[in-house]
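Each reported figure results from applying straightforward, stated rules to the coordinates on display, with no laboratory input. Owing to the predicted nature of the structure, the values given are computational and were not obtained by experimental measurement. Note that we place each Cβ from the backbone using ideal geometry, even for glycine, and neighbour counts take in every protein chain shown.
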Amino acid sequence: MVAKSDPTLMFNNSGMAQFKDYFLGNGTPPSRRIADTQKCLRVSGKHNDLEDVGFDTYHHTMFEMLGNWSFGDYFKKEAIQWAWELLTDVYKLPKDRLYVSVFEGDQKDGVPFDQEAWDLWKPIVGEDRIILGNKKDNFWEMGDTGPCGPCSEIHIDLRSADEVSAVSGKSLVNADHPQVVEIWNLVFMQFERKADGSLLPLPATHVDTGMGFERLCMAIQGKTSNYDTDVFQPTIQVLEKLSGIKYGAESEDRMSDIAMRVIADHLRAVAFAISDGQLPSNVRAGYVIRRILRRAIRYGYSYLNLTEPFINKLVAGLSDQFADVFPELKSQEDFVTKVILEEERSFLRTLESGLKRLDLITGQLQEKNENTISGEAVFELSDTFGFPMDLTALIAREKGLQIDEEGFQAALAEQKNRSRSDAAKEATDWVDVQDNEGQPVEFLGYDFHETHSHIVKYRKVKTKGGEQYHIVLDRTPFYAEMGGQVGDTGSLELRVDGKPFMVTIADTKKENDLFVHISHDKNLDEVLQNTDTVTARIDTDRRHKIMANHTATHLMLSAMRRVLGDHVSQKGSYLDDSFLRFDFAHFSKVTDEELHQIEEMVNEKIRGNVALDVQTNVPIQEALAMGVTATFGEKYGDFVRVVAFDPTYSLELCGGTHIPATGEIGLFKFTSEGSVSAGVRRVEAITGQAALARMREQEDTLDQIKELLKGPKDLVKALEGLLEERSTLQKKVETLENEKVQQLKADLLEKVRVLDGSNLLIERVEVPNAEALKQLAYELRDQVENLIAVLATELNGKPQLAVYIAENLVKEKSLNAGQIVKELAKEIRGGGGGQPHFATAGGSDSSGLDKALSKAEEMF
């Protein structure tokens with residue numbers, strides 16, 4: 001379902017998406033005839049069914065598209081005959097409930113009426129069941145250009161016999177009737193749409209058919225809703241048990257039914273996306289999955305009273321249901337369950353407060369007779385409470401309101417501009433030094449650390465960090481930052497007046513197909529403009545350390561997959577000459593034991609001094625067949641670079657630089673492991689001299705500890721003894737402090753005064769900490785009825801106040817400890833707050849404590 005190799009799609013949204021290159025002539029299909037089921041997702045862009053899901057009976061986010069395909073083999077005759085045979089003879093669908101459509105032709109395009117399809121359908125269904133369709137309904141195009149052609153749709157009428165007798169199903173075709181639906185589309189690709197809009201016949205004709213599996217089940221099982229079929233009912237039945245609400249029961253509104261349909265649908269989309277490699281996140285495809293999941297959580301929370309994580313409990317049933325069809329979900333059931341559980345926990349923490357905030361906003365609008373939630377409010381709900389814009393829009397519609405989407409986008413853009421302000425740049429135009437005739441930059445850095453090159457062009461860039469020069473060469477050994485590997489540094493040696501002149505290169509980045517060498521040197525315009533050739537040299541020592549860290553990353557990923565499981569995949573990386581950072585898909589903390597196993601496996605390969613093996617210009621399909629590990633989300637061309645360190649151990653697609661043999665890494669050592677987001681962990685590690693230096697530093701620290709402890713034979717045992725002794729002393733201190741508080745309490749009880757039916761205590765006290773101040777107030781409460789207490793103290797040079805009011809007095813005398821303590825805190829230049837019966841405040845001016853107590857006397 002995740003479009004891993006197509007940069008134009010986040011998700012496959014049609015059955016033909018995976019075959020697009022075959023139709024475009026960019027690849028050869030494995031067979032001229034194919035039948036398949038393709039997982040599809042339609043939630044954004046041109047194909048977006050999200051808003052209809054749950055409210056009708058036949059739209060879905062994730063659905064299966066069944067298809068049969070002919071690549072230059074059979075055509076209309078066979079496709080039509082076989083489709084009818086499958087539907088009526090095999091699936092036993094009633095012939096008198098089926099209708100077909102045929103393209104009526106388009107004069108503007110010069111495409112005639114599809115007489116051939118009409119003639120083929122006529123003896124099968126009769127003229128009265130054939131419908132002429134226009135270009136919108138019956139001419140299929142992949143995009144503005146490319147293969148296209150007329151199509152024949154097959155529709156089924158699932159209404160009751162009485163309804164069929166009253167109104168002909170033919171009149172309801174393509175009229176959005178929930179029981180008169182299209183179940184199969186037969187596309188006859190016979191033209192190519194050119195950029196100028198013209199159509200040319202294809203050298204070979206093709207067939208592309210698409211039949212919705214869920215709608216087919218509805219038809220075969222005699223249902224009037226996809227959700228009543230055995231595709232969705234198992235999930236809905238679990239939801240009934242979890243919520244205690246019956247699906248389809250009579251009630252005034254059926255929001256609980258809609259909620260169950262939404263959840264049953266969204267569960268499939270989220271679970272299959274995660275199993276296909278797309279984790280929920282805040283960007284692009286990951287954000288789409290997070291939106292879908294949060295939409296489902298909110299429906300369960302609002303309409304099924306499911307206030308604890310529940311969607312994760314539905315994964316096991318779904319994975320069992322599809323184990324024989326899509327086994328990838330079953331094999332990753334635990335991982336998918338835990339990712340969803342973490343996402344649920346995260347969103348549920350803010351959902352209640354977000355809904356309250358939204359209720360407040362909508363209530364204020366209704367009081368003002370307004371019907372639009374402002375863009376700023378929508379942004380606040382997104383930024384503070386994690387409500388995606390479309391979720392806020394959905395809830396608004398349920399309340400008869402709308403949102404200011406343009407205002408939201410403006411607020412979002414403003415935030416992005418703020419976050420980018422520090423990186424703002426002002427660049428001059430490129431200055432051409434040599435005509436390179438549009439030739440691409442030649443990267444020679446795999447084999448050479450130094451090249452003789454020509455300057456092609458340069459520009460001056462002003463940033464907040466100072467002035468930069470961006471220099472482009474015709475050939476370079478400098479690696480530009482890509483794939484997590486930082487760019488090279490080094491120098492360009494020029495000749496000025498016959499003398500060497502050095503330009504320092506501080507970084508190298510890639511801009512489109514250009515390798516941009518960045519220098520912070522000043523006043524280079526004249527030098528660069530009048531230079532013929534330069535000698536480009538990278539910092540070889542730094543490059544070697546980078547290569548060692550990059551190679552270690554490859555060895556580490558392979559070790560991780562062996563120790564943690566095949567589900568581990570790269571989610572992000574960064575590596576330079578000092579350390580490597582690696583983000584990866586995993587559902588729990590990596591234990592110390594697992595880290596040690598991974599470390600040992602990597603170091604074993606280092607000790608084995610495994611040689612680098614690089615294959616270039618390998619066809620992508622051949623590389624995949626070799627079993628290479630490809631980074632999810634990376635765009636690969638038709639030919640790729642395969643990097644191996646023992647092909648049975650580490651085999652990856654990679655464009656980075658590596659050391660010739662693993663022994664040059666020296667040593668590999670983890671320095672940290674932690675969580676980045678739900679389902680994504682991060683490790684950091686060091687290699688070589690850095691790893692050795694860290695180990696020496698740790699040894700020095702241990703030696704110092706031993707020296708402080710007088711050189712014990714068993715350091716751990718000695719430390720345990722110290723900690724135990726500290727614990728014992730701490731308990732003694734706490735006992736003495738408590739005794740002091742008890743004595744203080746006894747003294748204070750004698751100072752309680754009766755005032756207007758209340759018992760008043762306003763005193764300055766000495767206590768060891770803020771918790772003791774609170775404890776003192778509550779213990780006084782337990783012994784004095786109708787108590788009003790104001791206590792002041794100084795802790796570590798900072799003033800503290802506490803106010804307690806008996807709960808009955810809060811109601812009877814309309815007193816509020818939080819408001820009172822805020823007023824008193826002004827005297828100590830501070831602030832505070834709390835509950836109506838107990839509140840505290842801190843400040844910066846201890847000299848104001850007596851004034852605060854005097855003000856309290858005046859208040860009461």
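Which trypsin sites (Lys or Arg not before Pro) does the stretch 721-753 hold that lie in a coil by DSSP with at most 11 other beta carbons within 10 Å?
Loop-located and lightly packed - Lys751.
Can you find, among Ser758, Ala852, Val790, the residue farthest towards the positive end of the dipole of the stretch 733-859? Put +1 on the C-beta of Lys and Arg, -1 on that of Asp and Glu.
After comparing all options, I get Ala852.
Just to be sure I understand the rule: take each whole DSSP H helix in the chain, project its Cα atoms onto its long axis, keep it if the span is 20 Å or more and its mean Kyte-Doolittle hydropathy is at least 0.0. Which ones pass?
255-275
Work out, step by step, the length gained on full extension between Leu412 and Ile705: first 0.36 nm times the residue separation, then minus their alpha carbon distance; give nm to one decimal.
Going from the current span to full extension adds 100.2 nm.
Tell me the relative contact order for the chain as a rounded percent, counting alpha carbon contacts under 8 Å between residues six or more apart.
Rounded, it is 6 percent for the chain.
Under 20 Å Cα-Cα from Lys246, which aspartates and glutamates qualify once same-chain neighbours fewer than 8 residues away are excluded?
Counting by Cα, and skipping residues close in sequence, Lys246 has these aspartates and glutamates nearby: Asp56, Asp228, Asp230, Asp257, Asp265, Glu308.
For the stretch 543-696, with only Lys/Arg (+1) and Asp/Glu (-1) charged at the beta-carbon, what is the dipole magnitude about the Cα centre, in debye rounded to 20?
360 debye
For the stretch 759-823, which GluC sites (Glu not before Pro) are both in a DSSP coil and crowded by at most 12 other Cβ atoms within 10 Å?
The qualifying sites are Glu766, Glu785.
For a Förster distance of 51 Å, can you work out the FRET efficiency between the beta-carbons of Ala195 and Ala249, rounded to the nearest 0.05?
Working from the Cβ atoms, E equals 0.35.
I'd like the distance separating the alpha-carbon centroids of the stretch 299-329 and the stretch 772-806, in whole Å.
After rounding, the separation between the Cα centres reads 51 Å.
Compute the length gained on full extension between Glu779 and Glu511: take 0.36 nm times their separation in residues and subtract their Cα-Cα distance, giving the result in nm to one decimal.
So the chain would gain 89.6 nm between Glu779 and Glu511.
Any chance you could run the full-extension gain for Leu715 through Asp176? It's 0.36 nm times the residue separation minus the Cα-Cα distance, nm to one decimal.
That pair, Leu715 and Asp176, stretches by 186.3 nm at full extension.
Could you size up the charge dipole of the chain around its Cα centre, putting +1 on the beta carbon of Lys and Arg and -1 on that of Asp and Glu, and report it in debye to the nearest 20?
Charge dipole of the chain: 1040 debye, to the nearest 20.
Tell me, what ³J(HN,Hα) does each residue in the stretch 318-328 have, in order and in whole Hz, if you take phi through Karplus 6.51 cos²θ - 1.76 cosθ + 1.60 with θ = phi - 60° and put x for Gly and Pro?
Once θ is set to phi - 60°, the couplings for the stretch 318-328 become 5, 5, 5, 4, 10, 4, 8, 9, 10, x, 4 Hz.
Rank the residues Val733, Val486 as a footprinting-exposure proxy: fewest other Cβ atoms within 10 Å of their Cβ go first.
Ascending Cβ contact count within 10 Å gives the list Val733, Val486.
Looking at Asn603, Thr662, Val676, which one has the Cα that reaches farthest to the positive end of the dipole of the stretch 543-696 (charges on Cβ: Lys, Arg +1; Asp, Glu -1)?
Val676
Give me the distance in nm between label points sitting 7 Å out from Cα along the Cα-to-Cβ direction at Glu807 and Gln233, one decimal.
5.1 nm
Report the net charge of residues surrounding Val431, where surrounding means a beta-carbon distance below 12 angstrom and charges are Lys +1, Arg +1, Asp -1, Glu -1.
That sum, taken over residues with Cβ under 12 Å, equals -1.
So which of Lys457/Lys522; Lys509/Lys545; Lys313/Lys399 end up more than 23 Å apart, counting from Cα to Cα?
Among Lys457/Lys522; Lys509/Lys545; Lys313/Lys399, the Cα-Cα distance tops 23 Å for Lys313/Lys399.
Tell me which residues come under 5 Å, amide H to amide H, from Val486 once H is placed; ignore anything under 5 positions away on its chain.
Leu575
Could you tell me which label, among (1) 211; (2) 325; (3) 270, carries the value of volume of the Cα convex hull per residue in Å³ calculated for this structure?
Of the listed options (1) 211; (2) 325; (3) 270, (3) comes from this structure.
If you look for lysine pairs in the stretch 733-859 that are eight or more places apart or on different chains, how many of them have Cα atoms under 20 Å apart?
Qualifying lysine pairs in the stretch 733-859: 19.
In deg cm²/dmol, rounded to 500, what helix-only [θ] at 222 nm does the chain give when every DSSP H run of at least 4 residues adds -39500 (n - 2.57) and the total is split over its residues?
Computed mean residue ellipticity for the chain: -12000 deg cm²/dmol.
By count of other Cβ within 10 Å, fewest leading, how are Trp118, Trp430 ordered?
Taking fewest neighbouring Cβ atoms as first place, the list is Trp430, Trp118.
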